[in-house]
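Only one structure is covered here, and it is reproduced in the block below.
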Amino acid sequence: MLDLIGTHRAGRLDLGALVEGLRGLYTEADPHDAGIRDQFEAMWSPLDAEYELRTEPWAPARSASDDALGVALSALTVWVTAVLAADSTPEHE
């Protein structure tokens, strides 16, 4: 997940691919801890919402926010880093 976020921030991955890729990695990880599942949803949802505001015809003009996107990316980065630090088993590296 951190690699995807870094690639997006470097301009080599669009927001849609980031949102989809993060969801795919989460699904692949299949976390059994309900807290992890809830926290992921709380971290991922703002990114998905920002993507929708940029792409959906129903979204009001100028409703997307680069600042909100940056905050969401930073929050997700901090959360993923904390989860990895809490469980550094080989499959999380």
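The values are calculated or read from the model by the stated rules, or taken from the named source; none is laboratory data. Predicted, not measured: the structure shown is a model, and the values here were computed from it. Positions of Cβ are backbone-derived with ideal geometry, glycine not excepted, and every protein chain shown enters the neighbour counts.
Tabulated values for the structure
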quantity: Tally, over the range 37-84, of residues that are over 17 Å from His8 (Cβ atoms), among the hydrophobic types (A, V, I, L, M, F, W, C) and not in a helix (DSSP H, G or I); calculated: 3
quantity: Any hit, the range 14-26, residues being among the basic types (Lys, Arg) and farther than 21 Å from Ala82 by Cα; calculated: no
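Here is a yes/no grid of residues against (1) of a type in the set (A, V, I, L, M); (2) touching a Gly at 6+ places or on another chain (Cβ under 7 Å); (3) at pLDDT 95 or above:
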| site | (1), (2), (3) |
| --- | --- |
| Pro31 | no, no, no |
| Ala59 | yes, no, no |
| Ser63 | no, no, no |
| Thr77 | no, no, yes |
| Ser88 | no, no, no |
